[in-house]
1. May I ask you to give the average projected area over all directions of the convex hull of the Cα atoms of region A:185-254, in nm² rounded to one decimal?
2. What's the angle, to the nearest 10 degrees (0 to 90), between helix A:233-262's Cα axis and the longest principal axis of chain A?
3. Using only atoms on other chains, find how many Cβ atoms lie within 10 Å of each Cβ of peptide A:246-254 and report the average.
4. Round to a whole angstrom and tell me the spacing of the C-alpha centers of region A:100-123 and region B:179-203.
5. Between rounded, prolate and oblate, where does region A:252-310 land on the alpha carbon gyration tensor, with a ≥ b ≥ c its root eigenvalues, rounded for a/c under 1.5, else prolate if a/b exceeds b/c?
6. At a threshold of 8 angstrom on Cα-Cα distance, excluding pairs fewer than six apart, so keeping six or more, what relative contact order does chain A reach in percent?
7. Among residues other than residue B:84 whose Cβ falls under 9 Å from its Cβ, what is the net charge (Lys/Arg +1, Asp/Glu -1)?
8. For Cα pairs less than 8 Å apart in space and 6+ apart in sequence, what is the mean separation divided by the residue count of region B:178-297, i.e. the relative contact order in percent?
Amino acid sequence: MFRFILNRFGQSIILMFIVTVITFFLINLAPGGPTGVMRMDASPEERQAIVERLGLDEPVLVRYVQWVGNAVQGDLGTSFNSSEAVVDRIADRLPYTIELTVFTIIFSVIAGIILGVISALKRGKAADHVINFSSVIGLSVPSFWLGLMLILLFSVELGWLPSSGVGPRGADFDFAGWASHLAMPVLILSTTVLPNIVRFTRSSMLEVLSQNYIRTARSKGAKEFIVLYVHSLRNALIPIISIIGVLIPRLLSGAVITEAIFGWTGIGTLIIEAANGRDYPLIMGITVVITLVVIVSNLLVDIIYSQVDPRVKNMA
Amino acid sequence: MLGASVKEEVNQTEEPRRRRRFVLLSRLKQNKVAYISLWFLVLVHAVVFIGPLLWPYSPEELTGTGALANWSLQHPFGTDDLGRDVFARMLHGGRVTLLVGLCAMLFSLIIGTIIGACAGFFGKVVESVLMRITEAMMAIPNFFFVLVALTVLGTTPFMVVLVIALTGWVEIARVVYGETLRWKEYEFVEAANAAGATAKRILMKYVIPQILPSIIVSGTLAIAWAILTESAISYLGLGIQPPTPTWGNMLQNSQQYIWTAPILGVLPGVAITIVVLAYNFLGDGLRDALDPRFAKK
């Protein structure tokens with residue numbers, strides 16, 4: 001177990017290094033830069049002063065080393081555009097994104113397993129075809145367009161659900177308001193992962209159903225209900241934990257668009273602000289945090305997996 | 001002795017390779033959805049690439065009919081908020097959208113195949129470095145990268161294609177890497193190596209032709225992905241810029257006219273969905289057709 005964690009730690013460092021190098025050099029070597037989006041009437045002297053104040057006159061390599069030096073001490077710098085600490089700005093927004101993605105995972109896993117199991121048990125029948133077809137449609141429809149259509153239907157036409165925002169928070173939190181604000185974003189975000197979970201559950205279930213021990217269970221006279229839901233389903237569900245790890249980066253990608261559609265003030269809308277404002281420290285900070293989120297969630301998935309599957313557990 | 005067995009080996013793999021191309025098509029025929037998708041896509045591409053040459057209206061000029069006109073014989077889909085012919089915009093927009101998808105896919109295929117094949121074939125340091133980069137690209141949510149890259153690099157059509165391609169190669173590299181590992185163990189590759197063929201020649205003449213079917217499947221799915229990504233970045237205003245129409249950027253301002261001219265907000269979205277759907281069906285169908293277990297089904 002100790003070796004496993006050490007190994008994982010090493011991989012994460014390499015991953016973090018590659019990701020930060022790519023992003024840092026991309027934004028710093030591109031033409032333009034923070035002075036490019038300043039007021040139009042700024043004089044060359046003013047621009048020069050800004051460049052010096054932000055330390056942009058140093059070579060990129062030197063700046064990267066300085067940035068890493070600060071980052072490992074937990075200092076991600078100060079946002080160019082709001083003069084707040086990057087860490088604080090991200091800390092304000094990150095909980096909203098985590099909330100959105102966690103509820104999306106919960107919803108997608110429950111719905112995905114139910115649909116996947118139905119699809120496997122009704123293999124080749126109408127229900128299977130309908131579910132398969134809908135999965136491919138879910139993968140093919142542009143999520144922003146589907147989101148806008150849903151807003152038109154549920155917010156504008158029917159007036160059932162609010163079209164944007166995160167709902168009442170803090171002191172005047174109320175459950176109905178919170179849930180109604182969360183419903184559409186979760187639904188839209190789940191189109192990016194739900195079809196994969198459905199397909200995966202289906203093939204996993206079919207695989208298990210063809211195993212010898214299922215035939216044994218049937219031949220010894222176990223009730224069909226017990227065979228399906230005790231012998232098969234439990235084993236079919238184990239691999240589904242592992243696919244969640246793979247889907248997390250995709251989920252976070254989808255969160256950017258989903259947050260933009262529904263005015264959800266998470267990290268996705270923050271990266272859009274940061275990119276538009278050429279806010280280098282903020283862009284770097286978000287990159288680091290989002291990579292950390294991926295690393296930590298994958299670690300969690302692996303730990304859960306090893307606890308659930310006795311075969312993996314005994315190996316470690 | 002060695003020479004004979006090498007020859008035999010080459011013949012054995014050379015022959016099924018030729019046959020496999022035909023097998024692929026005939027197997028695809030059995031999958032009705034995928035087969036229909038294939039012909040549908042051929043039709044759509046023909047319409048958007050030839051159509052603009054025949055249709056009299058330009059996608060960018062005002063028609064003089066007025067804004068938000070209803071459908072008529074002259075303008076089958078009416079006119080948009082500025083009075084431009086929507087049918088012409090759909091044709092031209094489709095051309096740009098599909099071209100972006102095809103170009104991005106080609107770039108992705110080239111990058112992914114080179115990286116995957118080199119990592120699998122050379123092993124050692126090359127493998128570790130290339131595969132670590134591939135894993136890093138898989139782990140970062142690529143939309144963050146696309147967003148940042150397009151804001152700092154600008155949104156010229158070339159950049160849009162390049163940035164989409166730079167995030168789309170990862171899956172292809174992984175597939176090619178796995179297949180290269182498998183194929184490089186075969187005797188005919190060893191024989192070529194023993195005969196003094198260069199690494200480039202072995203890869204190009206012996207390894208990659210074997211992997212080609214898998215590459216085609218990945219490419220088909222990569223087009224679907226590229227089209228969806230282009231439309232999503234268009235929504236954020238970072239795609240190909242108006243007045244050049246794409247199906248993605250046609251949706252940008254259409255929402256405000258959804259009740260007066262619903263077709264503006266619905267048509268491009270439906271077009272994207274159907275084309276991506278067809279590519280996904282085709283990709284799935286091709287993958288099934290290549291599956292050695294196919295015969296059992």
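1. Mean shadow area of the hull around the Cα atoms is 5.1 nm².
2. Value to nearest ten degrees: 30.
3. On the way: counts 2, 0, 2, 8, 4, 1, 5, 11, 3.
The shielding value for this peptide is 4.
4. Region A:100-123 and region B:179-203 have Cα centres separated by 44 Å.
5. Working: a/c = 5.13, a/b = 2.05, b/c = 2.50.
The shape class here is oblate.
6. On the way: 295 pairs, mean separation 81.9, N = 316.
RCO, chain A: 26 percent.
7. On the way: positive: B:89; negative: B:60, B:61, B:80, B:81, B:85.
Within the 9 Å Cβ shell, the charges total -4.
8. 23 percent
Computed from the coordinates by the stated procedures, all read-outs in this text should not be read as laboratory data. Because the structure is a prediction, the values reported are computed rather than measured. Every residue, glycine among them, receives a Cβ derived from its backbone with ideal geometry; neighbour counts consider all protein chains shown.
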